[in-house]
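Worksheet: one structure, shown below.
The values are calculated or read from the model by the stated rules, or taken from the named source; none is laboratory data. Please read all numbers here as calculations on a predicted model, not as lab measurements. Cβ placement follows ideal geometry from the backbone for every residue including glycine, while neighbour counts extend to all protein chains displayed. Please note that ligands, DNA and RNA were not included when accessible areas were found on the heavy atoms of the full protein model with its side chains. Shrake-Rupley method; radii C 1.70, N 1.55, O 1.52, S 1.80 Å.
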Amino acid sequence: MTTVLPPPLGSPADTEHTFSRGGRELPLQVHEIGGVTDHGHLLIFGRPADNCLVRIHSRCLYGESLRSDDCDCGPELDKTLDMIQDAGAGVLIYLEQEGRGLGLLAKARGYRHSEQSGTDTFTSYEALGYPADARTYTGAAQSLYKLLVTLGIGRIQLLTNNPAKAAAVIDTGLTVTVVPLRTTALSERASDYLDAKRRHRHHWIPTDDAPWAPDLS
């Protein structure tokens, strides 16, 4: 049976095809987000309904394609796709915001400075004259809202540990339940990076010692 999805954002459903992963299949549509600072794509898996799973994810060449042990980006994306496949539907917003929005060269320079100075990469970025994190999520959240309106969806489960992503989506008027993405650090460096996310960007990193309890009030 072929599942035909409504064409979101006013564009034709000419990208719909079957996505296969791990022996399982889902229909998939891809739509472009044309934001200046948060350019990327909306990937709509299956037939999302009210309270569906949503992930806003920034590109990470090292963690996703090169399978680096130094961050949690690859494991987060893998877990997101596992959860969407288990649910049978969901939305992945994939943003071209490599290196926390500053690109691959800035990322490499940050790693080099971090290795030489012993500081975390957020501190290294600032020492190099970069913002600690240049990413934005407003355009992505607005594109998500437009999509969900066409599907009659007003509530979502947002897969994130990042309060900035949650705030951007909540600001659109959607009802958001934040669902933590708990992953196992692949190395000591990755563990240190998770701690730096918590200290510098106030990420909600779920652990056994610190119960995950975001305050969205």
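At a glance:
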quantity	calculated
Calculated log₁₀ intensity ratio I(q)/I(0) where the Debye formula runs over C-alpha points of region 30-113, q = 0.23 Å⁻¹	-1.12
Accessible surface ranking that places the most exposed of CYS73, CYS60 first, with a 1.4 angstrom probe	CYS73, CYS60
FRET E, pair ASP171, MET83, Förster distance 25 Å, beta-carbon r, rounded to 0.05	0.55
Heavy-atom accessible area order for GLU96, GLU25, GLU64, largest first, 1.4 Å probe	GLU25, GLU96, GLU64
Debye-sum result for region 69-141 in log10 I(q)/I(0), which assumes one identical scatterer on each alpha carbon, at q = 0.25 Å⁻¹	-1.12
Whole-number percent relative contact order across region 73-183, with pairs defined as alpha carbons under 8 Å at least 6 apart	23 percent
For region 44-176, alpha-carbon Rg relative to the globular expectation (2.2 N^0.38 Å, N residues)	1.15
Where trypsin sites (Lys or Arg not before Pro) fall in DSSP loop in region 36-74, at most 12 other Cβ within 10 Å	ARG67
Length-normalised contact order for the chain - Cα pairs under 8 Å, 6+ apart - percent	22 percent
Span-rule helices in the chain, defined as complete DSSP H runs reaching 20 Å or more along the axis (Cα) with Kyte mean at least -0.5	73-87
FRET efficiency for ASP69 and LEU105, using Cβ-Cβ distance with R0 set to 25 Å, rounded to 0.05	0.70
Mean Cα-pair separation over length for region 13-53, i.e. relative contact order, pairs under 8 Å, 6 or more apart, %	29 percent
Calculated [θ] (222 nm, deg cm²/dmol) that DSSP helices of n ≥ 4 give over the chain, each run adding -39,500 (n - 2.57)	-10500 deg cm²/dmol
Cα lying deepest toward the dipole's positive end in the chain, options LEU148, ALA164, LEU194, charges on Cβ	LEU148
Most mobile listed residue (ILE44, ILE56, ILE153) in the chain, GNM with C-alpha springs under 10 Å	ILE153
